[in-house]
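Right, one structure below, let's go through it.
The values are calculated or read from the model by the stated rules, or taken from the named source; none is laboratory data. As the structure is a computational prediction, the values presented were derived from the model and not from experiment. Cβ placement follows ideal geometry from the backbone for every residue including glycine, while neighbour counts extend to all protein chains displayed.
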Amino acid sequence: MFGFPISTPRPRKDYASCSGCGLCLLVCPVWRRSRDIGLAPLGRAKALQHGAVAADIAESIQSCTLCAACEPACPEDIGLVAMTLDLRRQLIQPAAVPSLRARMDEQAARPLAPRPSSSAVLLPGQALREHPGTLARAAALLGGMSNIPIADDDGSDIALALEAGVETPAQRLQQFLQPLRGLKNVAVADGLLLRHLRQWLPGSKIASLGLALSSLAQVRRALRASDLYVIEPRAYHADYQRLVKHYDALRSDAGCTLNLDLQRIAIPASARSLAQRLEPETAADIRDDSVQARWILQGRNVERIVVENLEDSAAFERVSKLPVVHLADLADDGTS
């Protein structure tokens, strides 16, 4: 169903390999906002090399947005996302964590979700579920002749637990994975969950929703040269070397511009710390996302913004009057 190869994750180095080159600073949204090396990947790695423990650098660990832009920029090939997640597991958990654990326990008590009726499934995430029309169009596009099944249990609580460094109860994890085992294709909207699904479901092709949709001819035909196409950075950076080629081809075919810097690193539009992820939207969310969105738009002459991740829509709508559409809605815009 998804006609493209999926790379196998490779082992990566840890903080001990950090040479202090500072290239990660150039792409880090937290560094760009704060200019505090201690809050950036370089600061965390160097602190750990000099004997610090997680509690000593808790603010830095929780400030990370997990956009993963630092990973392809790192010449030492350090697994910086895995490092940060491991450090979060060592911290005293935020106040919002008990409610997250309760949410997972409540979900685990529910009956097992039915196995999809086809060999493929879509895990949409909370943001896409809140837009049922866009979700339906995504399922129709991915399914071709018949809609791809939408998972009743998309693991949104597990995705948030991963981000918070909270251990998912074994019963809840198995409940989530059981209906997915043996499926040929899984499309997932959450880029962090995608990384883990590739480990948990080694026999399946796990693709980001953005990659799956942007591989379709009818979607590519609907893109315009005047569009700004905004890549979801977490999934992109998880498979950077291969996806650079995919999006370069997309840009060449459509003539659109992308949210990439000169090193082909994806600039995140929604750059939120752990606290901002766990709590309802705050003034800090709006400020930080607005800074990122303005940075992406700076110097670009575009007429429309196309997003892979619906969380990015609000950020662009705050700082621009340009129309913002999700990738799944392109086929209905009358240009195909």
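Tabulated results
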{"quantity": "From the options Asp105, Asp153, Asp77, residue that is within 15 Å of Val186 (Cα to Cα) and of a type in the set (Asp, Glu)", "calculated": "Asp153"}
{"quantity": "Residue count for the range 34-68, restricted to those that are under 20 Å from Arg287 (Cα atoms) and either touching a strand residue (DSSP E or B) at 6+ places or on another chain (Cβ under 8 Å) or not β-branched (Val, Ile, Thr) (or both)", "calculated": "12"}
{"quantity": "Residue match in the range 217-226 (condition: surrounded by 21 or more Cβ atoms within 10 Å (Cβ to Cβ), of a type in the set (Ser, Thr, Tyr), in contact (Cβ under 8 Å) with a residue 60 or more places away in the chain and touching a strand residue (DSSP E or B) at 6+ places or on another chain (Cβ under 7 Å))", "calculated": "no"}
{"quantity": "Condition met for Arg103 (in the same structural domain as Leu197 (by TED's automatic domain parsing), modelled with pLDDT under 95, over 20 Å from His326 (Cα atoms) and not in a loop (DSSP other than H, G, I, E, B))", "calculated": "yes"}
{"quantity": "Selection count where residues are within 22 Å of the chain's Cα centre (by Cα) and either farther than 18 Å from Leu141 by Cβ or at pLDDT below 90 (or both), scope the range 106-130", "calculated": "2"}
{"quantity": "Among the candidates Val306, Val302, residue that is buried (at least 19 other Cβ atoms within 10 Å of the Cβ), outside any helix (DSSP H, G or I) and touching a strand residue (DSSP E or B) at 6+ places or on another chain (Cβ under 9 Å)", "calculated": "Val306"}
{"quantity": "Among (1) touching a residue at least 12 places away in the same chain (Cβ under 8 Å); (2) not assigned by TED's automatic domain parsing to the domain that holds Val186, the one test that Lys205 misses", "calculated": "(2)"}
{"quantity": "Count of residues meeting criterion [crowded, with 16+ Cβ neighbours inside 10 Å and modelled with pLDDT under 95] in the range 229-253", "calculated": "3"}
{"quantity": "Qualifying residue in the range 181-199 (condition: surrounded by fewer than 23 Cβ atoms within 10 Å (Cβ to Cβ), outside the structural domain of Ala68 (by TED's automatic domain parsing), in contact with a Ser or Thr (Cβ under 7 Å, 6 or more places away or on another chain) and polar (S, T, N, Q))", "calculated": "yes"}
{"quantity": "Unique match (being at pLDDT 85 or above, exposed (fewer than 13 other Cβ atoms within 10 Å of the Cβ) and assigned by TED's automatic domain parsing to the domain that holds Ala315) among Gln292, Gln263", "calculated": "Gln263"}
{"quantity": "Exclusive hit being of a type outside the set (Asp, Glu), part of a loop (DSSP other than H, G, I, E, B) and either free of Cβ contacts under 8 Å to residues at least 24 places away in the same chain or closer than 28 Å to Pro41 by Cα (or both), set Pro111, Pro98", "calculated": "Pro111"}
{"quantity": "Any hit, the range 269-277, residues being charged (D, E, K, R), touching a helix residue (DSSP H, G or I) at 6+ places or on another chain (Cβ under 9 Å), under 28 Å from Val186 (Cα atoms) and buried (at least 23 other Cβ atoms within 10 Å of the Cβ)", "calculated": "yes"}
{"quantity": "Ala212 vs. criteria in contact (Cβ under 8 Å) with a residue 40 or more places away in the chain and small (Gly, Ala, Ser)", "calculated": "yes"}
{"quantity": "Positions within the range 34-87 being among the aliphatic types (A, V, I, L, M), part of a loop (DSSP other than H, G, I, E, B) and in contact (Cβ under 8 Å) with a residue 60 or more places away in the chain, in sequence order", "calculated": "Leu66, Ala68, Ala69"}
